[in-house]
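Below you'll find the structure, written out as structure tokens, and then a few comments.
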Amino acid sequence: VTADHWTFVTAAYGLTAAALVLYWRRLARKERELQTLARKSSPQHRPRA
Amino acid sequence: VIRTLGWLTIVELLVGLVMAFGVAPREVTQGNVQRIMYVHVPLILASYVAFGVLAVASVVYLIRRDAAADRVAHASGEVGVLFVGLGIATGSIWGKPTWGTWWTWDARLTSVAILFVMYLGYLLLRGTIDDPERAARYSAVLGIVAALDIPLVHFSVYWWRTLHQPPSLMKPGGFTGSTSILWPLLVNLLAFVLLYAYFVAHRVRLLRAEAEVTA
């Protein structure tokens, strides 16, 4: 009977899921940072001369 | 549109998981460890799509000097490197119980490692040049040259004697296995292509916003 090696299956799917979620969270964080930067550089936030 | 694409991708990935673990049969010779194929093969094929798009966008950039094409190439390169890196890692995890080793320098594994390093170099090159126009131009040339490795990776299993098995899907004569394996594989392939499209669309939007903020 062939061994199933479920540990390896879990490792492959777990690693993929973790890396994809981390990349997605990185994109979301970058988006928040850019929104903050854009708000700061908008005309309402610029100091009056 | 990006949000809808995101939800569609999540649904497709969940269907893919159900197909891989609930519908696909337990493989006779390898046992359940063969289920790694339903993530490993789609990751590698989606990375081919990513690098193909990168090459086309790079050609468009060099002809038209269109910043939008450069952003597509940049985003596609980033997602392609992530996918091919994961493809190598999942292949290595699959290789240990089936081949008895995590890694071997056969033609397929070596050529895919070169592919990974070349596109990693592509991203590093983009990051090291301050002038955006020069960075776009140099990386476009590298992106086109690196794409020449894709057929080498794919056909390496035919051209040299390798430990890696021949392609499951893209081969002369088409898929010859059972449809109970083919459908889960195709559903997962679609899921990863959708995920690629979602990540690229999101990243392109961020690159455009970055360019606007720094302008």
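The values are calculated or read from the model by the stated rules, or taken from the named source; none is laboratory data. Please read these numbers as outputs of a predicted model, since none were measured by experiment. Every residue, glycine among them, receives a Cβ derived from its backbone with ideal geometry; neighbour counts consider all protein chains shown. Areas reflect the complete protein model, heavy atoms only, side chains present, ligands, DNA and RNA absent. Shrake-Rupley method; radii C 1.70, N 1.55, O 1.52, S 1.80 Å.
On the given criteria, is residue B:134 closer than 20 Å to residue B:79 by Cα, outside any loop (DSSP other than H, G, I, E, B) and either modelled with pLDDT under 95 or among the charged types (D, E, K, R) (or both)?
Spelling it out, it is not the case that residue B:134 is closer than 20 Å to residue B:79 by Cα, outside any loop (DSSP other than H, G, I, E, B) and either modelled with pLDDT under 95 or among the charged types (D, E, K, R) (or both).
When residues of the stretch B:71-85 are filtered for being open to solvent by 10 Å² or more (accessible area, probe 1.4 Å) and either at the interface with another protein chain (Cβ under 9 Å from one of its Cβ atoms) or touching a Pro at 6+ places or on another chain (Cβ under 8 Å) (or both), how many remain?
Summing the residues that are open to solvent by 10 Å² or more (accessible area, probe 1.4 Å) and either at the interface with another protein chain (Cβ under 9 Å from one of its Cβ atoms) or touching a Pro at 6+ places or on another chain (Cβ under 8 Å) (or both) in the stretch B:71-85 gives 3.
Would you confirm whether or not the stretch B:27-34 contains a residue that is touching a Leu at 6+ places or on another chain (Cβ under 9 Å) and open to solvent by less than 60 Å² (accessible area, probe 1.4 Å)?
Looking for residues that are touching a Leu at 6+ places or on another chain (Cβ under 9 Å) and open to solvent by less than 60 Å² (accessible area, probe 1.4 Å), one finds none in the stretch B:27-34, hence no.
Any residue in the stretch A:35-46 that is more than 10 Å from chain B (Cβ to nearest Cβ) sitting within a Cβ distance under 8 Å of a residue that is at pLDDT 80 or above? List the pairs, counting only those 6 or more apart or interchain.
That search, which allows pairs on different chains as well, returns A:45/A:39.
Looking only at residues in the stretch B:23-35 that are within 14 Å of chain A (Cβ to nearest Cβ) and assigned to a helix (DSSP H, G or I), which one is farthest from residue B:200 (Cα to Cα)?
B:32
Being within 14 Å of chain A (Cβ to nearest Cβ) and free of Cβ contacts under 8 Å to residues at least 24 places away in the same chain is true for just one of B:89, B:135. Which residue is that? Even if it seems obvious, please write down each step before you answer.
Working: B:135 fails: within 14 Å of chain A (Cβ to nearest Cβ).
Testing whether each residue is within 14 Å of chain A (Cβ to nearest Cβ) and free of Cβ contacts under 8 Å to residues at least 24 places away in the same chain leaves just B:89.
If you take the residues of the stretch B:200-215 that are within 7 Å of another protein chain (Cβ to nearest Cβ) and open to solvent by less than 50 Å² (accessible area, probe 1.4 Å), which of them is nearest to residue B:5 (Cα to Cα)? Steps first, please.
Within the stretch B:200-215, the first condition is being within 7 Å of another protein chain (Cβ to nearest Cβ), and the residues that meet it are B:202-203, B:206, B:209-210, B:213.
Among the residues that remain, those that are also open to solvent by less than 50 Å² (accessible area, probe 1.4 Å) are: B:202-203, B:206, B:209, B:213.
Numbers: B:202: 10, B:203: 13, B:206: 16, B:209: 20, B:213: 26 Å.
Filtering the stretch B:200-215 for residues that are within 7 Å of another protein chain (Cβ to nearest Cβ) and open to solvent by less than 50 Å² (accessible area, probe 1.4 Å), the one nearest to residue B:5 (Cα to Cα) comes out as B:202.
Return the pairs, sorted by first residue and then second, in which the second residue is of a type in the set (Gly, Ala, Ser) and open to solvent by 80 Å² or more (accessible area, probe 1.4 Å), the first residue lies in the stretch A:10-29 and is within 7 Å of another protein chain (Cβ to nearest Cβ) and over 18 Å from residue B:33 (Cβ atoms), the beta carbons are less than 9 Å apart, and the residues are 6+ apart or on different chains.
Every condition considered, no pair remains.
Just to be sure, is residue B:101 open to solvent by 20 Å² or more (accessible area, probe 1.4 Å), at pLDDT below 90, hydroxyl-bearing (Ser, Thr, Tyr) and touching a helix residue (DSSP H, G or I) at 6+ places or on another chain (Cβ under 8 Å)?
On the way: open to solvent by 20 Å² or more (accessible area, probe 1.4 Å): yes; at pLDDT below 90: no; hydroxyl-bearing (Ser, Thr, Tyr): yes; touching a helix residue (DSSP H, G or I) at 6+ places or on another chain (Cβ under 8 Å): yes.
Criteria not met by residue B:101.
Among the residues of the stretch B:125-154 satisfying the criterion of being among the charged types (D, E, K, R) and over 18 Å from the mean Cα position of the chain (by Cα), which is surrounded by the most Cβ atoms within 10 Å (Cβ to Cβ)?
B:126
Could you say which residue among B:162, B:101 is farther than 20 Å from residue B:55 by Cβ and in contact with a Gly (Cβ under 7 Å, 6 or more places away or on another chain)?
None of the other options fit; the residue is B:101.
Write out, first by first residue and then by second, each pair whose Cβ atoms fall under 9 Å of each other, whose residues are 6+ apart or on separate chains, and whose first residue, in the stretch B:36-58, is within 14 Å of chain A (Cβ to nearest Cβ) while the second is open to solvent by less than 10 Å² (accessible area, probe 1.4 Å) and outside any helix (DSSP H, G or I).
Taking only residues 6 or more apart or on different chains, the pairs are B:37/B:24; B:38/B:24.
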